[in-house]
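Nothing in this text is a laboratory measurement; each read-out follows from the coordinates by a stated rule. Remember, predicted model here, so these are calculated numbers, not experimental data. Note that each Cβ is placed from the backbone with ideal geometry, even for glycine, and that neighbours are counted across all protein chains shown.
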Amino acid sequence: MFSDRMITRAAFFILAACLVSCSSYRRYAGMAEAAGQVSLSVSDEMPEASEKSDGKEYVDSVDVSDGPVIMNAIRDTETGEMTATDVITASKVVARFRNVAERAGKISFSFDITVPEGMIASEYQLRFSPLIETSSGNIPLDPVFITGSAYRKRQLRGYERYREFLESIITDSTAFIRKEQLETFLKRYYPETAAMKTDSSYVPEPLAQNLFGVSQAEALRHYTDMMRKRRNDKRMDSKEEMFRKYVKSPVINEVVLDTVMSAGDGSLMYRYTHTMAAGPGMRKLSVSLGGSVYRDGKLVMQMPSPEKLTYYISSLSTLADNSTRYVFKVVDRVVTDHTEAFLDFAKGCTELDTLSEGNSSELRRIRKCFHDVAVRKDLVLDSVIVTATCSPEGTWEYNARLAERRSMAVRSYIMDKVKGLEMTQVRSRSVPENWDHLVRMVSGDTVMSGTARESVIAYAAMTDKDEAERKISSMPEYLYMRESIYPRLRTVTFSFHLHRTGVKKDTIHTRVVDTLYMKGLMALKNLDYKTAATILASYGDYNSALALASSGYNDSALSILSGMKITDARTDYLEAILLARIGETDRALISFRRSVQKDPSMRHRANLDPELSEVVRKNEGDTYLQL
């Protein structure tokens with residue numbers, strides 16, 4: 001039977017467990033209620049250094065309130081040092097949207113995460129996951145972790161237990177060998193071998209095996225504590241499993257932290273600053289926040305998401321002049337186009353083989369050329385001249401007849417396959433031997449020697465082409481030329497002669513879109529400032545200055561603006577921004593006021609450009625920009 005003392009102790013432990021359970025439940029219920037008070041808001045201007053509550057700087061982590069630790073393990077990309085964390089007092093801004101400026105293809109913005117006092121508990125860890133939402137997709141940001149002191153102690157204790165486990169693993173393989181027993185065995189039965197212990201000479205395996213009567217591997221296994229070694233190997237193989245067992249909630253080092261502020265009511269306000277690339281056409285982005293609560297590495301609660309924030313992106317590219325730019329161009333009434341086909345005729349034959357793979361492909365391409373001309377509304381086909389030519393093999397007279405018949409054969413094919421052609425529209429011509437093309441091909445050939453190329457070019461200049469061909473045929477390189485160069489000389493050229501519809505003069509001057517300029521303007525609007533500046537800089541107009549200003553070439557942009565004879569509100573406004581950038585604030589104000597006089601809406605535009613809004617507020621006051 002149980003004694004009264006034992007019953008009293010059992011009752012005490014049961015009551016204590018109930019009290020702990022009730023306390024944990026109340027704490028959990030309080031956190032669940034407070035989770036709905038986590039808020040997301042745009043950031044106010046950062047306080048000056050003199051406004052800090054204690055002037056302290058914390059690195060790596062910051063302890064605030066009743067034990068929470070907010071990790072800051074992000075490193076500066078240039079110095080490699082840890083980013084400093086300021087703990088300051090700040091007020092909360094409840095606006096749901098803000099204008100942010102894009103500069104050099106980048107946008108920077110900040111927002112505040114406010115955590116109520118009821119969410120901060122020693123045994124819990126809060127994990128916040130900000131998310132950027134854009135029209136082109138979502139971008140997850142680095143998380144923010146707020147860790148209670150008890151939670152952190154358990155984390156660190158888990159690492160300590162894992163470290164103790166690692167220290168229990170034996171890394172020296174000789175530790176498993178029973179060395180004293182092995183030496184005793186050798187001294188008793190193989191004294192000669194035992195004497196080798198102090199001998200530095202190398203004993204090969206066969207010799208050692210003969211001395212032992214067994215192999216070294218067999219002796220090693222015999223005097224090795226295999227059971228102990230297997231236990232150690234099992235420990236080695238279970239390192240990952242044991243890490244998960246002991247470290248239930250690893251410390252995450254890649255966590256961003258900018259500024260932690262006290263709102264004065266026990267809550268925490270965390271300021272998150274982010275810089276990202278602005279994609280083409282990006283006009284706004286939203287920031288949402290997900291949150292969860294963990295205890296001992298296990299998820300215990302998902303926090304409701306607070307209302308999203310919206311950032312409207314202002315870019316200098318929106319100041320671009322979108323007017324279409326034209327250039328004057330001289331247009332001829334008559335249009336001529338040429339295309340060459342390599343059609344293979346059998347040696348000495350004038351019949352066109354339309355079924356061979358090479359000929360079929362070339363003829364299909366030629367038929368498409370006729371079709372493309374026929375569907376043009378701005379051009380009318382006058383005539384097509386089909387010119388056939390041969391390689392220098394054979395006499396000039398023979399090749400002249402051969403080329404003429406081949407030209408007629410191709411003409412007949414075209415008349416048969418291309419519908420809508422008049423007999424008079426297609427004419428045939430022939431060039432007996434294609435010496436000009438031969439010279440071009442030989443000049444660029446990399447197989448023939450320089451002397452051989454010079455000889456062929458000299459022979460091609462002879463008046464008697466038959467004699468020239470005989471001299472070439474006697475060259476050592478003739479076989480190569482006949483196999484590699486001569487086939488490319490048997491060509492058929494199609495010369496299309498057309499005229500423009502509705503044009504009576506031989507030439508006209510017309511205005512056409514400057515496609516290069518419009519390409520540069522499109523690059524400017526798509527925030528591709530490098531391409532825009534490269535294309536537009538030589539034009540020396542307003543968009544040129546805007547492209548250079550967007551690329552950071554302030555002096556070059558100012559030089560263009562100062563040379564413009566006619567200015568408007570946008571040119572004056574851009575000049576004001578550039579002057580503000582280089583510190584000419586008085587001149588910047590003059591240019592800005594001149595811009596507002598020409599277009600009053602430019603006063604409100606200054607709210608979107610931080611270089612100018614700062615100058616105007618200091619000199620005119622905030623109310624000026626709101627009028």
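Observations on the model:
- Cα point-scatterer Debye curve for region 425-535, base-10 log of I(q)/I(0) at q = 0.13, 0.18, 0.21 Å⁻¹: -0.71, -0.88, -1.12
- Two-site FRET efficiency, Arg440 against Val327, from Cβ-Cβ distance with R₀ of 30 Å, rounded to 0.05: 0.30
- Projected label points at Ser449 and Lys284, each 7 Å from Cα along the beta carbon direction, are separated by 7.9 nanometres.
- Modelled FRET efficiency - R0 60 Å, Lys234 with Ser559, Cβ distances, 0.05 increments: 0.20
- Taking the square roots of 5 times each eigenvalue of the Cα gyration tensor of region 514-626, largest first, gives ellipsoid semi-axes of 26, 13, 13 Å.
- Thr463/Lys530 FRET efficiency (R0 51 Å; Cβ-Cβ; nearest 0.05): 0.30
- Going by neighbour counts of Cβ atoms within 10 Å, the residues Cys390, Cys349, Cys369 line up, fewest first, as Cys349, Cys369, Cys390.
- Dipole magnitude of region 327-507 about its Cα centre (Cβ charges: Lys, Arg +1; Asp, Glu -1), debye to nearest 20: 900 debye
- Each of Met564, Met282 was scored by other Cβ atoms within 10 Å of its Cβ. Arranged with the fewest first, they read Met564, Met282.
- Per-residue 3J(HN,Hα) values for region 543-558, derived from phi via the Karplus relation 6.51 cos²θ - 1.76 cosθ + 1.60 with θ = phi - 60°, read 5, 4, 5, 5, 5, 5, 4, 5, 8, x, 8, 5, 5, 5, 5, 4 Hz in sequence order (x marks Gly and Pro).
- HN-Hα J in Hz across region 112-127 - Karplus 6.51, -1.76, 1.60, θ = phi - 60°, x for Gly and Pro: 10, 10, 9, 10, x, 4, x, 8, 8, 9, 4, 8, 10, 10, 9, 10
- Separation of the Thr339 and Ala32 label points, Cα + 7 Å toward Cβ, nm: 7.7 nm
- In order along region 133-150, phi translates into HN-Hα couplings of 10, 10, 5, 9, x, 9, 10, x, 9, 5, x, 10, 10, 10, 10, x, 5, 5 Hz, rounded to whole numbers, per the Karplus curve 6.51 cos²θ - 1.76 cosθ + 1.60 with θ = phi - 60° and x for Gly and Pro.
- Counting other Cβ atoms within 10 Å as a rough exposure proxy, the listed residues Phe109, Phe97 run Phe97, Phe109 from fewest neighbours to most.
- With a threshold of 22 Å on the Cα-Cα distance, the over-threshold entries among Lys368/Lys419; Lys329/Lys525; Lys530/Lys598; Lys153/Lys248; Lys106/Lys525 are Lys329/Lys525; Lys530/Lys598.
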